[in-house]
1. Are there any trypsin sites (Lys or Arg not before Pro) in the stretch 226-283 that are in a DSSP loop and have at most 12 other Cβ atoms within 10 Å? List them by number.
2. Radius of gyration and Dmax for the stretch 135-259's Cα atoms, expressed in Å?
3. Rounded to the nearest 10 degrees, what's the angle between the helix 236-251 long axis and the longest principal axis of the chain, both from Cα atoms, 0 to 90?
4. Mind checking the angle between helix 123-137 and the chain's longest principal axis? C-alpha axes, 0 to 90 degrees, to the nearest 10.
5. Helix-only estimate, please: 222 nm mean residue ellipticity of the chain, summing -39500 (n - 2.57) across DSSP H runs of length 4 or more and dividing by its residues, to the nearest 500.
6. Sort 216-229, 170-183 for me by packing, meaning the mean count of neighbouring Cβ atoms within 10 Å per residue, highest on top.
7. At q = 0.11 Å⁻¹, work out log10 I(q)/I(0) for the stretch 219-360 with the Debye formula, treating every Cα as an identical point scatterer and leaving solvent out; two decimals please.
8. Could you tell me how many degrees, from 0 to 90 and to the nearest 10, lie between the Cα long axis of helix 59-96 and the main elongation axis, the longest principal axis, of the Cα atoms of the chain?
Amino acid sequence: MSLDPISQLLADFQAEAAATAASPAEELLRVEALRVRLLGKKGEVTALLRQLGQLSAEERPVFGQRVNTLKEQIGEQLDALRSAAQLAAEQAELEAGWLDPTLSTAAAGALAVNLPARGQKHPITRLLDIVIEHFTGLGFEVASGPEIEDTWHNFDALNIPDNHPARDVWDTFYTTKGEVPRTHTSSVQIRTMLSQKPPIRVISPGKCFRNETIDATHLAAFNQCEGLYVDRGVTLGHLKATLEGWVQRLFGPEVKVRFRPAFYPFVEPGLDLDAQCFLCGGGGHLAGGATCTVCRGKGWLEVIPCGMVHPNVLRNCGIDPDEWSAFAFGMGFDRLVMLQNGIDDLRRLYSGRLDLVRQL
Ligand code: PHE
């Protein structure tokens, strides 16, 4: 029995509609192509309507209605196919980016789930976290101050008068207004002593700036953390115990330290704390005889300049040196990170290279 053209077309369409394309995206294309081929201006259903003219007056309305029903039927079926394909496409998209927060990284890796890359703190920030944790544990607070300072806070108040040769030690940038990008965060200690009454315990981490020729161990912008303790009866013994504890935290409990006399205008006496090299153990050589790469054969690492705050500095901040005494110290942060990780060139820390950051 040969079907009439309308039934034939519907049967053909349904057979075709029953198939599906390989992917949701291709299925969407296939459904749209079917729609054009059947319902488009030059489509097969439209072509059927053109046959109306060849029919008798009685046949025409019946045929016309059947074609319209066919058109609706095909339209609805194509809509259903398109919705299903769209849903499948969305589902596939979701699955590609699916994140199950309860999966361990290893399990997610095994399932080849697309996890977003995990960020990591920069080693300088990590050390900063450790310093803050360590010193706040000892009752210190974190203080901050402006990066652009006036010369009084950066120099004069610290017992470094104008025209004193000591100013040259800090290779200073000057703004056109005569201000200085601070050369150390000692200026924050001055600001703290001016705004608070003793006893005072603060650390002041922050960026500092010096007109340095940039090389493996010098940068023009670098990080520092200074510390200050003002109280009645503060002695060199307190300084020694505090800093030894910190250096042990940094390099391990076995590390030996030594203090050498040094000159800084704002402390008297002034000292440099050296830590015995943690890599070669102080001998200056590695197993096999090579020169130690961390201390470069010296056996000791200069880590913390420090000392008892000069009475002039206390006086400049309205603190009576006969009643109060204080110790202060400073640390080049970037240098510590470099030492801790055996990095040979400071500039690497600022290279923005993620492979380096991830290794540390
Ligand atoms: N302010 C000194 C510097 O930046 C470091 C220092 C701080 C030295 C405190 C002694 C005491 O060089």
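Since every read-out is calculated from the coordinates, none of them should be taken as a lab result. This one's a predicted model, so the numbers in the text were calculated from it and none came from an experiment. Reconstructed Cβ throughout: ideal geometry from the backbone, glycine too, with neighbour counts over all protein chains shown.
1. Values: sites: Arg232, Lys240, Arg249, Lys256, Arg258; in loops: Arg232, Lys256.
Sparse-neighbourhood loop trypsin sites (Lys or Arg not before Pro): Arg232.
2. Computed over the Cα atoms of the stretch 135-259, radius of gyration and Dmax are 16.1, 49 Å.
3. 30 degrees
4. 60 degrees
5. -12500 deg cm²/dmol
6. In decreasing order of mean packing, 216-229, 170-183 become 216-229, 170-183.
7. Per q value, in the given order, log10 I(q)/I(0) is -0.50.
8. Here the helix axis deviates by roughly 20 degrees.
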